[in-house]
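What follows is a set of notes on a single structure, which appears directly below.
The values are calculated or read from the model by the stated rules, or taken from the named source; none is laboratory data. Here the structure is a predicted model, which is why all the values come from computation and not from measurement. Using ideal geometry, Cβ is built from the backbone for each residue, glycine included, and neighbour counts are taken over all protein chains shown. Quick note on the areas: whole protein, heavy atoms, side chains included, nothing else; ligands and nucleic acids left out. Shrake-Rupley method; radii C 1.70, N 1.55, O 1.52, S 1.80 Å.
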Amino acid sequence: MKITQEIIFQHGLTDEEYQRILSLLGRDPNFLELGIFSVMWSEHCSYKSSKIHLKNFPITGKHVLQGPGENAGIVDIGDGMAVAFKMESHNHPSYIEPYQGAATGVGGILRDIFTMGARPIASLNSLRFGSFDHPKTRYLLNGVVAGIAGYGNCMGVPTVGGEVYFHESYNGNCLVNAMTVGIMKSSKIFKGKAEGIGNLVMYVGSKTGRDGIHGATMASDVFGEGGEERRPTVQVGDPFTEKLLLEACLEVFKTDYVVGIQDMGAAGLTSSSVEMASRGGTGIDLDVSLVPRREDGMTPYEVMLSESQERMLMVVKNGCEEKVREIFHKWDLEAVVVGVVTNSNLLRVADGNNIVAIIPVKFLTDNAPVYKRPIKRPDWQDDVQTIDLKNIPEPAVVVGRAAPANDRWAQPTLQNNYNDVLLKLLSSPNIASKEWIYRQYDHMVRTDTVVLPGSDAAVVRIKGTKKALAMTSDCNSRYCYLDPFAGSAIAVAEAARNLVCSGAKPIALTDCLNFGNPERPEIMWQFEQAVLGMSEACKKLDIPVIGGNVSLYNETSGTAVYPTPTVGMVGLIEDVSLHVTQWFKSEGDVIVLLGETKEELGGSEYLKIIHKLDKGRPPHIDLNFEAKLQEACLNAIRGGIIKSAHDLSEGGLAVALAECCISFHEKVVGAEIILPAHKMRMDALLFGESQSRIIVSIAKEDTAKLMSIADKHSIPAVVIGKVGGNRLKVNGVIDLSVKELKEAWKDVLEKLLKG
Amino acid sequence: MKFGIIVFPGSNCDHDCYHAAKHVFGQEAEYIWHKETSLQGFDCIILPGGFSYGDYLRTGAIARFSPVVNEVIKFANRGGLVIGICNGFQILTEAGLLPGVLMRNKGLKFICKSIYVRVENNQTIFTKAYQKGQILNIPIAHADGNYFADKDTIKRLEDNNQIILRYSTEDGEITDDANPNGSLSNIAGIINAKGNIFGAMPHPERVCESILGGEDGRGIFEGILSLSS
């Protein structure tokens, strides 16, 4: 077949990139070779736009056993054990076909984890959808959640946490980021390396079909109108086969037959073989005629580029192939020798006796284009950061004390009063209970989930030890839009704060960087700033980045998603009996606010929901202060005096207090709060989202102990009230029964979905 | 007491049942592969939750033909103790060891949450550690838990006291609101007429340790263990 301009364009390659192929090869590629180049050089596989920025991340630490570049990162947790985890996006396919797109996203991240030799013990997901007014939002939300449930539940890996936000910037592109955490022996790590000349390349798992061809290329492009027409590029998941693959792989890992293994994810057989040869410094000869197929008449092009799910490529010691086959046959799975490791440094593909492609491995990896794309601070940035609070009316006070006539709170310029505002915030989809979602996920299977979804972080114990892992995902993309540097630093800080509030020491993070079209300088500016902001926070908080994923081109007809650098973080709890949850425990307990409240309303959920504004500067973050705050809180938890701890985030102090009262599924409790004298706007005090704040509750007799810990770390700590009764009362401006609060907060998604 | 936990390729609560029997209650426990053809030496067989053979067809419809289920049928007919939890319950109904069928939940969605069940009959091996009328807080996690049987079967179950657990409110009332999946007569768990086969949708193995938020599931195991003491 002659390679025409049209064909090059269909493969998502630019003219310059095609010229680069010609000069590397010194000849025209054939159609298959062009296909191989196109997927390996796609943004999704090559990171060509993001690579130079990602170098800024701190990736080392004394516990890091495996940093970025493998299927997943690994951290040592002592006692001969290690944790593998990673987060990955499946945005484009999920928008096109929500159920299968999300399901195979879960399948892919699970494979990334067990490829490393770890047993997956928990999954999380970070989701973004458009506003509920948009006609596709309900369909996408229903489909994505059902897809995640359908896959994860069948696998028997609990889905223990995550986050969901709704915002109009995601109307044309939803985000589906899936994360899985696994545990393993630190001495038994498997890597995606093709080593040992003459060792055999085995194909294991499902048969290859025509699904998902060019999925990686599709995921490296913007959508126009009619993106749904790309449905054939989305794969179809089979969680049952994946469950077999998981158990079979873990069984074969107990032997010493396996030299290297890699999941066939994006770009399937092509990327798995090329990446393994690249890491091993070897070559691979493949015979596609040996690859098990689901249908007749598939061409080498289709076999090499298929993204059929539930497949792995393994390099096994020559002579062990029969033993490996026996293990896979026990699980009713295919295991076929399809190639051999060579010292040629070439990817050679044969179809029986015909050689159909020969490409030096490094042309596909090291020689792939790397772009230093133009960067420009957007013209709109100054405007969106500017708000004049004078023009924003404060809510009225209708409860509690009679305000003196000259009290500015008493002059209602806004229809709402503080009670209404709190109820409105609690019933906004971003703050409301996410039970409708996590109820569809089996979050308890494996009987390790100590803290179920609904607290700051999920806590999963490790049987046979006293240890537990806390895990969370975080990103406030409105902050990132208003100030990508600060917003991204906050994403890291808040994820860490969530873990600390559960009693864990953060150990490492994975990220999923979701942005628009990198060919637009404004998007690249957002990306650069986000990476710098995250890096800064990681350094200050001493949390290395051990892996992640970049998803660009989340853009439809010129409208990009808000920059969404999602952070997935794992923390270690040395003694699971000292874990903490966010809800108040007992009547009479003292409530203490750690940290400092400033007059900051920019980027708040309050401004968005009540005043319809996505504006202002996000709250300031002082990372040195944040580090001290987290240390103080963790020390107090480890000292056994903290009965509940809750991070302050969207909705600020008032929403966090309400959550402390109502978020426990078994019972609710009230609180009486008197905030100390202040000079700021009442709405900023109650709904502002100042960073580095935690609400804790303690037994009354432990107050002095807590104060002295806070003092030692130079952290402001103020007693603001006590737990008890069945109302939440704050300073005479909020007075609501916990029943009303709970009614406003629960079942919101259900009601919105019913329309 | 020696427990055997059946492992279908898609079982995923096998570890949990094993952990409960072996580590929480200190009993002998072994996994039994679905291709096994002998259940020699076991006192109690657990069919755990999960997705036996993927359950892309009706849940449990394929599992019922597996080699090990033939042995479970023989084992049960000899009077051996058999518990089916969730997918295990579905398989027991498919295999004809328990009457009725578990259909798709009325809301058509998978539901994982802690619910309340009322102990209707404590005169069984499996529930003797509970009081009659006791309310248990136990999680469910299924998409197909909507129990159905014809009128005569339900009447027979009622007459013989074979309905063991019913979905209830926290206060023990049997209401529609307390019924998470649409089960006929709020049925959550039943027993065979002979009293040696017990099937239930709730997962007792998930609430045997206080660190997991509850211990209401312990009674099932304690009832069985009292046999050997």
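Short-range pairs are left out: with C-alpha atoms under 8 Å and at least six residues apart, the relative contact order of chain B is 19 percent.
Sparsely packed loop sites in segment A:436-465 (the trypsin sites (Lys or Arg not before Pro) outside DSSP H, G, I, E and B with at most 15 other Cβ atoms within 10 Å) comprise A:463.
In a DSSP loop and with at most 14 other Cβ atoms within 10 Å, the GluC sites (Glu not before Pro) in segment A:633-722 are A:666. Projecting the alpha carbon convex hull of chain A along each direction and taking the average yields 30.9 nm². Electrostatic bookkeeping for residue B:143 treats Lys and Arg as +1 and Asp and Glu as -1; over the other residues with beta carbon under 14 Å from its beta carbon, the sum is +3. Once the C-beta distance of residue A:5 and residue B:211 is scaled by a Förster radius of 60 Å, the resulting FRET efficiency is 0.40 to the nearest 0.05.
P(r) for chain B, from all Cα pairs and a bin width of 10 Å, is 8, 37, 40, 14, 0 %, short bins first.
Only lysines eight or more places from residue A:742 in sequence, or on another chain, were considered; those with a Cα closer than 22 Å are A:424, A:434, A:585, A:608, A:643, A:667, A:722, A:729, A:751, A:754, B:113. Want the number for residue A:23 to residue A:318: 0.36 nm per residue separation, take away the alpha-carbon distance, what's left? 102.5 nm is the gain from fully extending residue A:23 to residue A:318. Taking every DSSP bridge with both residues inside segment B:2-228, close to 60 percent are antiparallel.
The share of alpha-carbon pairs in segment A:164-205 lying farther apart than 13 Å comes to 77%.
When the solvent-accessible area of the protein assembly as shown is split by element, carbon and sulfur atoms take up 50 percent of it, the probe being 1.4 Å. Buried accessible surface for the A/B pair, both sides summed and rounded to the nearest 100, is 2600 Å² with a 1.4 Å probe. Relative to the longest principal axis of the Cα atoms of chain A, helix A:521-541 runs at roughly 70 degrees.
Taking the DSSP bridge list for segment A:245-358 and keeping only pairs wholly inside it, about 75 percent are antiparallel. The calculated FRET efficiency for the pair residue B:123 and residue A:131, based on their C-beta separation and a Förster distance of 60 Å, comes to about 0.60.
The accessible-area loss of segment B:179-224 on complex formation, taken against its chain alone with a 1.4 Å probe, reaches 20 Å² or more at B:206, B:211, B:212.
Given R₀ = 41 Å, what would the calculated FRET efficiency be for residue A:718 paired with residue A:750, taking r from the Cβ atoms and rounding to 0.05? The value I calculate is 0.65.
This model, with +1 at the C-beta of Lys and Arg and -1 at the C-beta of Asp and Glu, gives segment B:2-228 a dipole about its Cα centre of some 440 debye. Placing +1 on each Lys and Arg Cβ and -1 on each Asp and Glu Cβ, with no other charges, gives the protein assembly as shown a dipole about its Cα centre of roughly 1240 debye. A dipole drawn for chain B from +1 and -1 charges on Cβ atoms has a positive end, and of B:98, B:172, B:202 the residue lying farthest that way is B:98. For a paramagnetic label modelled at 7 Å from the Cα of residue B:37 toward its Cβ, which residues of segment B:45-80 fall within the zone defined by backbone nitrogen distances under 20 Å? Answer for this model: B:63-78.
Each peptide among A:498-505, A:642-649 gets the average number of other Cβ atoms lying within 10 Å of its residues, and from highest to lowest they stand as A:498-505, A:642-649.
Per residue, the accessible area of chain A comes to 33 Å², computed with a 1.4 Å probe over protein heavy atoms only.
Dipole orientation for the protein assembly as shown: of the candidates A:684, A:624, A:26, A:624 has the Cα lying most toward the positive pole (charges on Cβ; Lys, Arg +1; Asp, Glu -1). Bridges between two residues of the protein assembly as shown, per DSSP, are antiparallel at a rate of about 75%. Placing a label point 7 Å from the Cα of residue A:574 along the Cα-to-Cβ direction, no residue of segment A:73-102 has a backbone N closer than 11 Å.
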